C-alpha cells in the first residue's frame, strides 16, 4: 500500500485485509506505547488503507479470511 501513493490505477485489489493483518500488529502494539501513541498509529494505518483504496478509477476489490479488519468499518 505504501507504493501506490500519488499513482492512479484502473483497479485496485487489497488482499488479506483480515483482522489479523490490518492494522499491522507491530505498528500498533509495540511495548511502551501510550494510548495516544496507539490511537495515532491506528489513524496512520487507516489513512494508508484509505490512500490505497482511493487510487482506483474504476473499481476496488477487498478480500480477507476470517474476520475483516476493523479498519474497514
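Throughout, read-outs are computed from the coordinates displayed, never taken from laboratory work. None of the values given here were measured: they were computed from a predicted structure. FYI the Cβ positions are ideal-geometry reconstructions off the backbone, even for glycines, and counts take in every protein chain you see.
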Residue 54 versus residue 68, label points 7 Å from Cα toward the beta carbon: distance in nm? 1.9
Ordering of 41-54, 18-31 by burial proxy (mean other Cβ atoms within 10 Å per residue, highest first): 41-54, 18-31
What full-extension length gain, to one decimal in nm, is calculated for residue 2 and residue 30 as 0.36 nm per residue of separation minus the Cα-Cα distance? 8.0 nm
In nanometres, the difference between 0.36 nm per residue of separation and the alpha-carbon distance of residue 11 and residue 37 is 6.0 nm
Nearest 10 degrees, 0 to 90: helix 35-53 Cα axis against the chain principal axis: 10
Labelled set (1) 1.17; (2) 1.07; (3) 1.95; Cα Rg over 2.2 N^0.38 Å computed from this model equals the value at (1)
